[in-house]
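The numbers here are math on the coordinates, done by the rules we state, and not lab data. Given the structure is predicted, the values throughout are model-derived calculations rather than measurements. Cβ coordinates were reconstructed from backbone atoms using ideal geometry, including for glycine residues, and neighbour counts include every protein chain displayed.
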Amino acid sequence: MIKISWVFSILLYFVTAAYYIYRGIYFAGVIFGIFGIFYAMTWWWWRSRLPFAVIMLETVTGVTRKYPGTILIGVAGLIIQVAYSVWWVITVVGAFQLFDSSANCTTIDPRTRQPNCTNYALIGIMLFLVFSFYWTSQVIKTVGHVTVSGVFATFYFLEGTPMASKSPTFSALGRALTTSFGSICFGSLIIAVIQTIKAILRSLANDTDSACGAFMAMCAVCFLDCIEGLVEYFNHYAYTEVAIYVKWHVYMHRKL
């Protein structure tokens, strides 16, 4: 299946490139042709790794069939995230209605001739809501990740032994929500703080009239993107270790 999908992707790129060239859209044809060549080169470079990828895919699908609760965890996490997002939007609308003081503003912006008053209460509430949204969303996602990692760890270490469980999903979920929950919240907190700072910088870049200020803010966002990527990379493996050995998040980061 991996080979077929890869070859199909290469052929699709070249067919699309030929179609655009036939229609006279040479720029698009060249772009798709380059992507086709790139995919063909990656096939040549990575062909020795395909057997391992096939084994990994077969193992993952086998464990998922054996423990379908892993799929239920993903669906449940999605439902909880959607419900929380709806509740969050309602809360934001309510906060605007409760703390909006534009009707009592007497300061007029000479450029826009619109009321311009700084509402520190609303700013503080919105900052808290944005931070709580990022943090809660990260926790919901990570609980699912740690739970599924725990299921796969149970299969890897205990399959075929008397200690093997017929339904390890709920026990893994229980560990994720109890002994591992502090580590989950701490790792999610780091990501949430970075994402909140990025949101503040993007807001400042959109509101400022200074091109230099907007440029500096977006440079800072780019720098934070790099930091966020590194933290998420280490978090991915740290959470897996937490799911397997139920160790503290900071200790696993130092170990990695």
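So the values come out like this:
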item	result
Full-extension gain in nm, THR42 to ILE71, via 0.36 nm per residue minus C-alpha separation	7.3 nm
The chain: calculated mean residue ellipticity at 222 nm from DSSP helix runs of at least 4, using -39500 (n - 2.57)	-28500 deg cm²/dmol
Label point 7 Å beyond Cα of ARG23 along Cβ direction - residues of the stretch 32-63 with amide nitrogen under 19 Å	32-36
Pairwise FRET efficiency - VAL82 versus CYS212, Cβ, R0 = 45 Å, nearest 0.05	0.65
J(HN,Hα) series, the stretch 60-67, from Karplus relation 6.51 cos²θ - 1.76 cosθ + 1.60, nearest Hz, glycine and proline x	5, 5, x, 5, 5, 5, 6, 10
Gaussian network model of the chain, Cα within-10 Å springs - most flexible of VAL15, VAL75, VAL60	VAL15
Once exposed loop trypsin sites (Lys or Arg not before Pro) are cut out (DSSP; at most 11 other Cβ, 10 Å), longest piece of the chain	167-256
Global size of the stretch 1-66 as Cα Rg and Dmax, reported in angstrom	15.9, 52
Residue with peak Gaussian network fluctuation, the chain [Cα springs, cutoff 10 Å], from ILE200, ILE191, ILE55	ILE55
Cut-off under 5 Å, modelled amide H: who pairs with ILE25 long-range	none
Estimated FRET transfer efficiency when R0 is 41 angstrom, pair ILE2-VAL89 (beta carbons, to 0.05)	0.55
Global form of the chain, assessed from the alpha-carbon gyration tensor, a/c cut-off 1.5	oblate
Highest-fluctuation residue, ALA53, ALA40, ALA211 considered, GNM on the chain with Cα pairs under 10 Å	ALA40
